[in-house]
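The structure appears below as structure tokens.
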Amino acid sequence: MPVTAPAPQPYAFHIGMVVHDLDASARRFDQLLGAMRWHTWELPLQALPTNPRTTDARLRIAYGRMPGQTIELIEVLEGTPVHRLFLEARGEGVQHLGVWVPDVAEATAAAIARGGQVMLALLRPDGTAAVQLSPGSSDADLAAAVEPGGIAYVEAGTAGIAIEFVGAARLPGLRRRFGDDFERIIGTPDWLEEARR
């Protein structure tokens, strides 16, 4: 009987936290967990046509690695992205859990089949897409637009957090951004490099 490899499973990538002051939060993690090398950059965001409460915005993002887990800190510098709405509704805290998946479109479709609802979508001109879901939807059309190797957010329906599905197409940009620190800060499953090919 032939032996087949097990299907790739979701793999922990990062814990995404929205904070008021990225530098102060990073210092506190350093105090509690030992010095973490943070990679920080700014990110412009456009208002989401699917959410009239949002405006064009600018974020400051930092990635660091604590023992066994990558942490993403998100600070809103200006505007009203979904991150500010999160802060206003819940205060600082974990907004999402990032997980690597072999096929983001498939994972998103499966979430919809299990009752997810498209709450927020961003389809960028460069072909990348972000979609956020919550329990109760049958809107599979928008989820079908998600790039298999891109990203999608699915509201977990518990603990007030989302799950960010991340695909292999994100690897080249992350490798460029982190350079020699990539392996030290970004944990990846064995199957991820193969999925990218």
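The values are calculated or read from the model by the stated rules, or taken from the named source; none is laboratory data. Nothing here was measured: the structure is a model prediction, and the numbers come from that model. Neighbour counts run over all protein chains shown; Cβ positions are idealised from the backbone, glycine included.
Worth a mention:
- All of Phe86, Phe13, Phe29 fail the test of being of a type in the set (Phe, Trp, Tyr), under 19 Å from the mean Cα position of the chain (by Cα) and not in a strand (DSSP E or B), apart from Phe86.
- For the stretch 25-55, the tally of residues that are surrounded by fewer than 13 Cβ atoms within 10 Å (Cβ to Cβ) and more than 20 Å from Val94 (Cβ to Cβ) stands at 9.
- Test: residue in the stretch 61-84 that is over 20 Å from Thr158 (Cα atoms) and touching a Pro at 6+ places or on another chain (Cβ under 8 Å): no
- Residue selected from the stretch 93-138 under the condition part of a loop (DSSP other than H, G, I, E, B) and buried (at least 16 other Cβ atoms within 10 Å of the Cβ), by the criterion modelled with the lowest pLDDT: Ser137
- Leading residue by the ranking (surrounded by the fewest Cβ atoms within 10 Å (Cβ to Cβ)) among those in the stretch 59-82 that are out of contact with any Ser or Thr (no Cβ under 9 Å at 6 or more places or on another chain) and polar (S, T, N, Q): Gln69
- Number of positions in the stretch 152-169 that are among the polar types (S, T, N, Q) and either surrounded by 24 or more Cβ atoms within 10 Å (Cβ to Cβ) or in a strand (DSSP E or B) (or both): 0
- The set of residues in the stretch 50-67 that are assigned to a loop (DSSP other than H, G, I, E, B) and touching a residue at least 12 places away in the same chain (Cβ under 8 Å) comprises Thr50, Asn51, Arg53, Thr54, Thr55, Asp56, Pro67.
- Residue selected from the stretch 83-92 under the condition farther than 23 Å from Ala169 by Cβ and touching a strand residue (DSSP E or B) at 6+ places or on another chain (Cβ under 7 Å), by the criterion surrounded by the most Cβ atoms within 10 Å (Cβ to Cβ): Phe86
- For the stretch 170-195, a tally of residues being touching a Leu at 6+ places or on another chain (Cβ under 8 Å) and surrounded by 15 or more Cβ atoms within 10 Å (Cβ to Cβ) returns 5.
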